[in-house]
Amino acid sequence: MPSALPSQHALPKMTFRVALLPLLAQGALRGSSRPETTLPETIYFDAVIRDFTSLHPDFQSFDGHSKGLVEDVLGADKKPVFQGGPQLSNKENFDQWFRDVPGVNIRFDYSLAMNKTSSSTYVYDDDNFFPADGKGWKDSAIALDGLPHNFFFTLELHTTFYYTGGEVFTFKGDDDVWVFINGKLAIDLGGVHNPLNETIAIDSLNITKNTAVDVSFFFAERRCCGSKFRLETSIRPVTGTCTIWGDPHIDVFDSGIVGREKVAPVGIYNSGDYWLVKSDSVMIQGRYGTTQFTERGMSAMLALAVSGPFLKNHTLIIQQIDDGHVLFDGEPIVEEFPSEFVQNFMRVQYKEGETHIDDVLSGYPVKLVRAFLPRSVDLRVNRWSKHIDAIIRMPQQVDGQDGHCGNFNLDASDDSKSLILQRSSAVSSTESLFVPFFASQERITGKGARPGRLRGEPAPGWPRGLPGGPGGRGAGRHRGLAGSVHL
């Protein structure tokens, strides 16, 4: 914003899934029809920021607001296309704004958070938005708040939301802001100017309801000495569930998502450590292995591991009951039953389960581990003597994700068993979330019975009449949550 202008302009942390997101990443939101009671209090997004200096010809220069500085359609690389105008020097300089150019800009990732309002919209409002302070080139100028801040940066985010009708997107701030919906320019606040306000109703764009909509957001802070940014939307995040049970069968995130058709579960019978969810922030792995009761090389899920930046790089591991534990950074937690483990960013409960993930076991008491984790990640794990069943409920990751739970792109057609296995093979020992806490897989697979128990003897607490019960038969076939399951 020009220093002569009295108002501030700040880029608040972008929010909702239709807001900002790391370069080339994908995410999703859904519309206002989602039940209010299920909305998370905060939604997180990751943006890309590129820091410049005042030596760049387009920064600390020019005044005024102009429409038409960029073309109405995004380029093939999902970048704004230069059209020119009184607030831009030339195409070569503009093309550096949202691309990594050594010696011209310094790129870094920036995590954005938007909070739910009393009217169930999501908003970020900041009169002093300086995400590049202390980063990038580390230059500064005195801002309107009397403090030194790092100006001269751009911000880029790409995401997807599920349009159901009634969604609204409102922006107020400065300097340049361009919002593209399905590749077409919807908000054009180009130039170096006082804070400007604009609202776009998605209903006005002639988009088919109940479809996925792409959003690209571009922002530039080009002049000292203020930064004002407010972003509000009624778009809500898409939250899905992945269910893993039995030998194991996996009901992927995209199966039945936002009213889509359910697809058959994926059956994966191999042993080893595999990604269930792999993203830049949320990392979840399952360890599959045989027990003394499985036959024909089939497996069951023996343990679940959760880690990643969203968990502050701690690791939570949930194992089967026999010879197993619930571990936090390798140390046992919730050893008593029932009990609870609480940190300032997460909570783990161990208690009687009210529902069964595998409905074949519904006649038997179940012990439940419930983990409430950051970024609205919710785990429900049924612990049995020799295996575990699990439900992972979480918002779609705006930076993209994949694994045996699928890529959560609102399209189940690319989550068949063959396609998932092409994209996600067994993890190496260097990638495994389990290996740092276990010298070998043998420690938690439970291969072989405990001392003193014969192969045909049921494990303590194992339901009689099910595979692994009297007689030691492991080939029993029974119906699980969504199909036939072999244990």
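The values are calculated or read from the model by the stated rules, or taken from the named source; none is laboratory data. Computed from a predicted model, the values in this text were never measured in an experiment. Cβ placement follows ideal geometry from the backbone for every residue including glycine, while neighbour counts extend to all protein chains displayed.
Answer with yes or no whether residue 255 is in contact with a Phe, Trp or Tyr (Cβ under 8 Å, 6 or more places away or on another chain), among the polar types (S, T, N, Q) and either buried (at least 20 other Cβ atoms within 10 Å of the Cβ) or more than 30 Å from residue 380 (Cβ to Cβ) (or both). No. Which residues, taken from the range 58-103, are outside any loop (DSSP other than H, G, I, E, B) and at positive phi? Answer for the range 58-103, where residues must be outside any loop (DSSP other than H, G, I, E, B) and at positive phi: just 64. The set of residues in the range 420-434 being assigned to a helix (DSSP H, G or I) and in contact (Cβ under 8 Å) with a residue 24 or more places away in the chain consists of 420, 421.
Do we have residue 269 as of a type in the set (Phe, Trp, Tyr) and crowded, with 22+ Cβ neighbours inside 10 Å here? Even if it seems obvious, please write down each step before you answer.
Numbers: of a type in the set (Phe, Trp, Tyr): yes; crowded, with 22+ Cβ neighbours inside 10 Å: no.
Here the answer is no, as residue 269 does not meet what is asked.
Taking the range 407-422 as the range and being over 17 Å from residue 288 (Cβ atoms) and in contact with a strand residue (DSSP E or B) (Cβ under 9 Å, 6 or more places away or on another chain) as the test, the residues that pass are 408, 409, 410, 411, 415, 416. Among the residues of the range 348-396, which ones are crowded, with 20+ Cβ neighbours inside 10 Å, more than 22 Å from residue 288 (Cβ to Cβ) and either among the acidic types (Asp, Glu) or free of Cβ contacts under 8 Å to residues at least 60 places away in the same chain (or both)? Matches in the range 348-396: 348, 350. A search for C-beta distances below 9 Å between a residue of the range 77-90 that is in the same structural domain as residue 192 (by TED's automatic domain parsing) and modelled with pLDDT of 95 or more and any residue that is part of a strand (DSSP E or B) and surrounded by fewer than 16 Cβ atoms within 10 Å (Cβ to Cβ), counting only pairs 6+ apart in sequence or on different chains, returns 81/73; 86/64; 87/64. Annotation: of all residues in the range 187-224 being among the acidic types (Asp, Glu) and surrounded by fewer than 20 Cβ atoms within 10 Å (Cβ to Cβ), the one that is farthest from residue 121 (Cα to Cα) is 188. Looking only at the range 102-120, which residues are under 25 Å from residue 135 (Cα atoms) and without any contact (Cβ under 8 Å) to a residue 24 or more places away in the chain? Listed by number, the residues that qualify are 102, 103. Output the residue which, of all residues in the range 198-217 that are outside any strand (DSSP E or B) and of a type in the set (A, V, I, L, M), is nearest to residue 167 (Cα to Cα). Top of the filtered list is 202. When you scan the range 132-143, do you find a residue that is touching a residue at least 24 places away in the same chain (Cβ under 8 Å) and touching a Leu at 6+ places or on another chain (Cβ under 9 Å), even just one? Within the range 132-143, not a single residue is touching a residue at least 24 places away in the same chain (Cβ under 8 Å) and touching a Leu at 6+ places or on another chain (Cβ under 9 Å).
Within the range 167-186, being surrounded by fewer than 23 Cβ atoms within 10 Å (Cβ to Cβ), of a type in the set (D, E, K, R) and over 21 Å from residue 84 (Cα atoms) holds for one residue alone: 172. In the range 269-298, the residues that are in the same structural domain as residue 434 (by TED's automatic domain parsing) and assigned to a loop (DSSP other than H, G, I, E, B) reach residues that are of a type outside the set (Ser, Thr, Tyr) and at pLDDT 95 or above with C-beta atoms within less than 6 angstrom, at least six apart or across chains, in these pairs: 281/308; 282/308.
Of the residues making up the range 185-197, those that are in contact (Cβ under 8 Å) with a residue 40 or more places away in the chain and assigned to a strand (DSSP E or B) are 185, 188, 189, 191, 192, 196. For the range 104-159, a tally of residues being under 21 Å from the mean Cα position of the chain (by Cα), assigned to a strand (DSSP E or B) and β-branched (Val, Ile, Thr) returns 2.
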